[in-house]
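Worksheet: the structure to be examined is printed underneath.
The values are calculated or read from the model by the stated rules, or taken from the named source; none is laboratory data. What you are looking at is a predicted structure, and each value in this text was computed from that prediction instead of being measured. Glycine gets a Cβ as well: all are built from the backbone with ideal geometry, and neighbour counts include every protein chain shown. The protein model used for the area step is the full one, side chains on, heavy atoms only, and it has no ligands, DNA or RNA in it. Shrake-Rupley method; radii C 1.70, N 1.55, O 1.52, S 1.80 Å.
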Amino acid sequence: MRVLGVDPGLTRCGIGVVDGVAGRPLKMVGVGVIRTPADAEVAERLVLIERGMEQWLDEHRPECVAVERVFSQHNVSTVMGTAQASAVAMLCAARRGLPVALHTPSEVKAAVTGSGRADKAQVGSMVTRLLRLDAPPKPADAADALALAICHIWRAPATNRLQQAVAAHRRTTRLPDATERTLKGSA
């Protein structure tokens, strides 16, 4: 599976592409950061992120896109920029019919380091080790994007099995619709 991981940000949007299958060695295909000027209008910055995202999708042809789930922070303007960049990544993937997976920062940290409270240095160190790199990718946004891709590769098989089980259960268990419940209740 080839996964494009996205650590969304309006100024620096980390991008990392990893090939792998759960239980086998992983391979980094590419890593980088889409940058936008802090003094540009938000709309212009979103266009720059979209163009960069499209270039990465064209060049690396991932099967899935894993995006960090935006979480509430104290700084509303930071959350807004992160959410906007996240939406651009999801839109670019959806436009191509690619599945999008959202992972929380603590899920990613736990998957890569074993602790949902790991710091950026620990994540960078484990990404370096797992991908057999000479040094941690810089800046941290790039390492975080690779961590997202790794997290998804490792979690996808279990998530897929769970989704299939839920779908099978829904097919075999017929829940009465509202009309049947109403009629049974009034009889």
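The table that follows gives values for the structure above.
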read-out	value
Test result for VAL79, closer than 17 Å to GLY5 by Cβ and among the β-branched types (Val, Ile, Thr)	no
Matching residues, the range 1-14, being hydrophobic (A, V, I, L, M, F, W, C) and either farther than 21 Å from ALA101 by Cβ or open to solvent by less than 20 Å² (accessible area, probe 1.4 Å) (or both)	VAL3, LEU4, VAL6, LEU10, CYS13
Some residue of the range 32-55 being free of Cβ contacts under 8 Å to residues at least 12 places away in the same chain and open to solvent by less than 50 Å² (accessible area, probe 1.4 Å)	yes
Candidate set from the range 97-136 (those that are in a helix (DSSP H, G or I) and under 20 Å from PRO62 (Cα atoms)); member that is farthest from the chain's Cα centre (by Cα)	LEU130
Unmet criterion (only one of (1) modelled with pLDDT of 95 or more; (2) basic (Lys, Arg); (3) under 16 Å from the mean Cα position of the chain (by Cα)) for ARG155	(1)
Condition met for VAL70 (within 16 Å of the chain's Cα centre (by Cα), surrounded by 14 or more Cβ atoms within 10 Å (Cβ to Cβ), of a type outside the set (S, T, N, Q) and assigned to a loop (DSSP other than H, G, I, E, B))	yes
Residue within the range 15-25 that is free of Cβ contacts under 8 Å to residues at least 12 places away in the same chain, open to solvent by 60 Å² or more (accessible area, probe 1.4 Å) and not small (Gly, Ala, Ser) present	yes
